[in-house]
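Coordinate-derived values only; no laboratory data. Note that the structure is a prediction, hence the values are computed from the model and not measured.
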Amino acid sequence: MPNHAVPLRKAQDFWTGKISIPLAVARTAIGKAINSCSIAPQTASAAQALQEQATALDKWYNTPHEWTGMVSVIPDSSCSFSITESFLTADTTPNVTVSFTAGQPRMTVSVGPLFSEIQDRSYSVVTAPPANGTSTNQTVLQVGGLSRLSTYLTGLLNFSLPFQRDWLNGERGGFALSTGPVVRVGGQSSTSAFGWFVGPSYYLYHLVYLSGGIHVGQFAGMPAGFKMPGQMVPSGFPTPTPLARTTVRLSFAITLKAKDLTALGKTGGKATAPAVQTTPKPSK
């Protein structure tokens, strides 16, 4: 019999109206014939074969016309299913194509302020009032930028971590590993304005990233020969020059998503759809 693209609903309606009742009557008649064949075994054997064909036909019709399974789609890729109705042999023309695309970005860039324990220090020589018991003004070392936290700007590259639970790696929230440059804007220090941040982040809807980690950067250390702010500067001493030092300090950042770099993380691998499932039909 040639292929026919007959919708499943039409086939079911035809079965109910034209085949199911005659098939039930035939199976009953075949059963009676088998029970009455006590003398001619060869006749009973033929009837049993006919009964098996009728049972197989009924079983074939009642086979579920569904396919259920788990498909893993890696980030930044997609897979497609081609669903084809078939009879006897598979029809090569798909009736329905369904595509699945992973919704979780693998990499994003976010920008915003970073608050670091690396101080933005500056040094100057100022005149201070006379000390107790003296009448001469003093020249002392003044240190600025001694606040506990200093504000920087950062641009972070965020890598989503491949956890399975929704709150660890989902649409609404999840963890990421973040790293990126840190820049001091303005300020008063004469050291390098460039630094680097690395640490974990927790994102909200892939829009807001709350990051905490370490900031590697330079700060202006005490000038040679000085140990503390307010230390007296000898007369004729040149302007103290701070010593640039590289240090590692704790920091945290609040950044907003600027760009999705999903395309850069593609490896070329795609999840493949399983082969079209067809149900074998009994031979006539």
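Multiplying the residue separation of residue 26 and residue 166 by 0.36 nm and subtracting their alpha-carbon distance yields 44.9 nm. At full extension, residue 127 and residue 260 could sit 42.5 nm farther apart than now, given 0.36 nm per residue minus the alpha carbon distance.
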